[in-house]
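> Before anything else, here's the structure in question.
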Amino acid sequence: MEQIDKFKEHINLGYTFKKDAFIIGTGMLDQQALNGAQVKIPLKTLNRHGLIAGATGTGKTKTLQVIAEQLSLKGIPSVLMDLKGDLTGLACPGTNNEHIEKRCASIGVPYEATGLPVELMSISNEKGVKLKATVSEFGPVLMSQILDLNNTQSGILSLIFRYCDMKHLPLLDLMDLRSILKYAINEGKAEITKEFGAVSSNSVNTILRKIIELEQQGAENFYGERSFEVEDFVRQESGRGVVSIIRLTDIQNRPKLFSTFMLSLLSEIYETFPEQGDQEAPKLCLFIDEAHLVFSNASKDLLEKIEAIVKLIRSKGVGIFFCTQTPTDVPDEILGQLGLKVQHALRAFTAKDRKAINKTAENYPISPFYKTSEVLTSMGIGEALITVLNEKGIPTPLVHTLLRAPVSRMGILSPEEIDQQVKASKLVNKYNEPINRESAFEILEEKLNNAAPENQEKEAPSRSKRKASAKEKESFFEALSKNTMVRQLGRTFFRELTRGIMGSLTNKKR
């Protein structure tokens, strides 16, 4: 009994905050949930980012759902990357049952089934508000990092962007970018060489191949107009924060597109939102489910860019939360920036698993009540080890927590319910109407078409000269043809000349 009282005192001391917070669950000791040991998360430090980790089936996504719910109820909007398609239930009230009632009683919170304001979005063919961005908005540096270009290729891309700025050629989609790259090594080669110096055809062709690779992952749906305004993420309805769910179920096998979109989104938020420092609550929270897809296929430059944004974006009042299987999925440089850590159970089936568990345990504060490596393998579904930064920026005690149940639906929306959500959206009409204004592709095509008649006029005199010359040659050969021997020599000469030309074209040696 004395041990339990000490534990409760330890938790209450560590999880009592002066400013606003929400209850995430209650502390557990010796596999038993203890009433009166509530674990809370302060709103003030949520811009210090976070991690939700654990093995498949341990409840990571439901924890993400609970945090997004509580933020919305506090009036804080959030953006959720839904790769598995199981977060749309946030729009509808949940269903109570005996198990939920027992859990809520243990935690000391009432269960109030609640649906939340949800905006369904997509960067592909899923139903919802279409999120797009233009190539120009990415800029040459970001595009080079996305395409994983070397220094020479990056220099060429910067040159192309500069040329388009000077000539007022809008780069809206990937077709525009491909058109201007082809123009640079063909019809526009002389002009661009005179202005900027020679451009390597081999390097341009490499860039074109990388663009095609990006297109094959579905990026042509993402690049274009109308560009999404990130201020539309920061909305409230009836005092509740809007939960923007970006449906990504059809791009799980296209990690390049996912990381491209994530980086563009973070960059746009960082560049658009004003500096606000540490406030009483975050302005916006982003949850990236299956976060390993962002990092596993990203180039070194791309990782450095993400790392830089994660470090700096908190001053904009934005918190980023990575949801993945193990903390090792997240680069150490980023992992060290994460204040909130929610660690669900891990499974130790192999020697490699046990090493990973020991390494994971080292990422958490030492607790006088637990041996972290043992708790990591013994937690049940809906339980997690939690630590967060308090209002002074100090990590709170590590606590084995029984997590509260979601108040919204734990299942997904039906196709009919999704259609209703999209129909009721205030943003669909703004972003889903196709826009195809004149851009680099159309301007260059028109320029080349207009140049064709001029070239024909210039060639006309030379053609007439060639015809006259041909007549003279014809009369000369007619005279020669009267001699049988000369005629035979002529046929032999032209046959050998033709073979020589054809051999050189096909790289064949005679």
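> Using the charge dipole of the range 233-308 (Lys, Arg: +1 at Cβ; Asp, Glu: -1 at Cβ; taken about the Cα centre), state which of G277, I251, L293 has its Cα farthest towards the positive end.
Checking the options against the dipole of the range 233-308, the answer is I251.
> Next question. Let me spell out the model: positive unit charges on the Cβ of Lys and Arg, negative unit charges on the Cβ of Asp and Glu, origin at the Cα centre of the chain. What dipole size does that give, in debye rounded to 20?
With Lys and Arg at +1 and Asp and Glu at -1, about 2180 debye.
> Right, here's the next one. Starting from the Cα of E9, step 7 Å along the direction of its Cβ; do the same at T95; then give the gap between the two resulting points in nm.
Label at E9, label at T95, 4.6 nm between them.
> May I pose another question? Computed FRET efficiency, Cβ-Cβ of S200 and N436, R0 56 Å: what is it to the nearest 0.05?
That gives a FRET efficiency of 0.95.
> So, one more: Which order, highest average first, do 284-293, 137-146 follow once you tally other Cβ atoms within 10 Å for each residue and take the mean per peptide?
Output ranking for 284-293, 137-146: 284-293, 137-146.
> Contour minus end-to-end for S378 and A424, with contour as 0.36 nm per residue of separation and end-to-end as the Cα-Cα distance?
12.1 nm
> Can you compute the helix-only [θ] at 222 nm over the chain? Use -39500 (n - 2.57) per DSSP H run of at least 4 residues, normalise by all residues, nearest 500 deg cm²/dmol.
-15000 deg cm²/dmol
> Taking the Cα-to-Cβ direction at T272 and at S158 and moving 7 Å from each Cα, how far apart do the two end points lie in nm?
So the two model labels end up 2.7 nm from each other.
> Spelling out what I want: for every residue of the range 205-222, take phi, set θ = phi - 60°, compute 6.51 cos²θ - 1.76 cosθ + 1.60 (Karplus), and round to whole Hz; glycine and proline get x.
4, 5, 4, 4, 5, 5, 5, 4, 4, 5, 5, 5, 8, x, 5, 5, 6, 8
> Straight-line reach from K60: which aspartates and glutamates fall under 15 Å, measuring Cα to Cα and dropping same-chain residues less than 8 apart?
Within the straight-line limit of under 15 Å, K60 reaches these aspartates and glutamates: E69, D82, D86, D289, E290, D329, E383.
> May I ask you to order 237-244, 86-93 by the average number of other C-beta atoms within 10 Å around their residues, highest value first?
86-93, 237-244
> Give me the distance between the Cα centres of the range 151-230 and the range 384-427, rounded to whole Å.
41
> Evaluate the distance, in nm, between pseudo-label points positioned 7 Å from the Cα of S238 and of L335 along their respective Cα→Cβ axes.
In this crude label model, S238 to L335 measures out at 4.3 nm.
> May I ask you to derive the FRET efficiency for R347 and N35 from their Cβ-Cβ distance with R0 = 25 Å, giving the value to the nearest 0.05?
Approximately 0.25, to the nearest 0.05.
A short reminder: the numbers here are calculations on the coordinates, not readings from a lab. Owing to the predicted nature of the structure, the values given are computational and were not obtained by experimental measurement. With ideal geometry, Cβ positions are generated from the backbone for all residues, glycine too; neighbour counts draw on all protein chains shown.
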